[in-house]
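Down below is the structure, laid out as structure tokens.
The values are calculated or read from the model by the stated rules, or taken from the named source; none is laboratory data. It should be emphasised that the depicted structure is a prediction, and the values quoted were computed from it without experimental measurement. Note that each Cβ is placed from the backbone with ideal geometry, even for glycine, and that neighbours are counted across all protein chains shown. With ligands, DNA and RNA removed, areas are computed over all heavy atoms of the protein, side chains included. Shrake-Rupley method; radii C 1.70, N 1.55, O 1.52, S 1.80 Å.
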Protein chains: 2
Amino acid sequence: MAIPVISVVGKSDTGKTTLLEKLIAELKRRGYRVATIKHDTHGFDVDRPGKDSWRHAQAGSDVVVISGPNRLALIEKREQEMALDEIVSRLTNVDIILTEGYKRGDKPKIEVSRREKGSELLCTEEELLAIATDQPSEMNVPQFSLDDAAGLVNLIEERFLAKPL
Amino acid sequence: MAIPVISVVGKSDTGKTTLLEKLIAELKRRGYRVATIKHDTHGFDVDRPGKDSWRHAQAGSDVVVISGPNRLALIEKREQEMALDEIVSRLTNVDIILTEGYKRGDKPKIEVSRREKGSELLCTEEELLAIATDQPSEMNVPQFSLDDAAGLVNLIEERFLAKPL
């Protein structure tokens, strides 16, 4: 069975990461294994100058893996950005995948909306699983307060997850 | 065909990372796609506090992916260290895999040895593909100076790689 993928989207500074943190914590509390995918449109540098693995990457290594007792990290050079579905196809052994960003993707979305950033939404009603907001929307979509992770996870469970035993 | 895996091993501070950098650069110069795996026995922290992806991991996410235009990073929590062969099985689209460490592994090894760290080697003759050293060894194994990446890569090509067209 395909792993469900849900995208948390919203304008800048509406609190996507904060909501993600709450959703992750709530899902973990309920016993699920969770993966998150952060869409970084600007590019990023995960590693630190001077570290051996950074030296591997600087020397030209296409893929750098660091494997430790509690953690595995993999950094891969790309000629172009990897498609979301391609990333998803690499993930195994998790119950649910949450993305931060990917507003143009085709996954069900939770849009974070905040009064001070305006009332118009990025998504259409059809794209939305739910709205997390501090202002009521006229859309016919389930609405939750910005910190109601339990409510959102109830909806996610109902729609996408078989409860673990 | 399996991707060849070669382990660069040696005592602490013999210059494993420096040799790796030279081998990576030489392999890249010859047109190969290279992956490196660094064995970090002490554990590590690749990400930086405050960054969104670190917040995902802190909130309990089992797998954190960051995808950008030129780079993909994946950080996975492990209950126990991943076996080298399991890591290797995840890597595709490279011509060769070099590891830093994994002296107990079963891959062909290049041992880095340096006079100031003593003359005895970690590996037996049978395990060694080559020695990179500033002191002659009595072992019946090809020997190269510490910066002879071209010589080492000639040997690696001859033994493990079909030249790219």
Cα gyration tensor of region A:20-165, axes a ≥ b ≥ c as square roots of the eigenvalues: rounded (a/c below 1.5), prolate (a/b > b/c) or oblate?
-> prolate
Using a probe radius of 1.4 Å on protein heavy atoms only, what is the accessible area buried between chains A and B, both sides summed, to the nearest 100 Å²?
-> 5300 Å²
Keeping every protein chain in place, order B:H56, B:H42 by accessible area at 1.4 Å, biggest value first, i.e. largest first.
-> B:H42, B:H56
Chain A - percent of accessible surface contributed by carbon and sulfur, probe 1.4 Å = 46 percent
Just from its helices, what would the mean residue ellipticity at 222 nm be for chain A, if runs of 4 or more DSSP H residues each count -39500 (n - 2.57) and the sum is divided by every residue, rounded to the nearest 500 deg cm²/dmol?
-> -7000 deg cm²/dmol
Quick one: helix A:149-160 against the long Cα principal axis of chain A, what's the angle to the nearest 10°, folded into 0 to 90?
-> 80 degrees
With all protein chains modelled, accessible area of B:W54 [1.4 Å, Å²] | 70 Å²
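Run through the DSSP bridge list for region A:1-160 and note the antiparallel percent, rounded to the nearest 5.
20 percent
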Distances in nm between the label point of A:N93 (7 Å along Cα→Cβ) and its equivalents in the other copies, shortest first, are 2.2
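Looking at region B:1-96, which GluC sites (Glu not before Pro) are DSSP coil and have at most 11 other C-beta atoms within 10 Å of their C-beta?
Working: sites: B:E21, B:E26, B:E76, B:E79, B:E81, B:E86; in loops: B:E79, B:E81.
Taking region B:1-96 and a limit of 11 other Cβ atoms within 10 Å, the loop GluC sites (Glu not before Pro) found are B:E79.
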Would you kindly work out, in nm and rounded to one decimal, the distances from the label point of B:K28 to those of the same position in each other copy, ordered shortest first, with label points 7 Å along Cα-to-Cβ?
-> 3.5
For the protein assembly as shown, the convex hull over Cα atoms projects on average to an area in nm² of 19.0 nm²
Of the residues B:V8, B:V94, B:L152, the Cα lying farthest along the dipole of chain B towards its positive end, which is defined by charges on the beta carbon of Lys, Arg, Asp and Glu, belongs to B:V94
Given region A:41-165, what count of lysine pairs have C-alpha atoms under 29 Å apart, with each pair 8 or more places apart or on different chains?
-> 10
How many nanometers, to one decimal and shortest first, lie between the label point of B:E158 and those of its other copies, if labels sit 7 Å from Cα toward Cβ?
-> 7.0
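Quick check for you: with a 1.4 Å probe and neighbouring chains kept, what is the accessible area per residue of the protein assembly as shown, in Å²?
Details: 15890 Å² over 330 residues.
With the other protein chains kept in place, the protein assembly as shown gives 48 Å² per residue.
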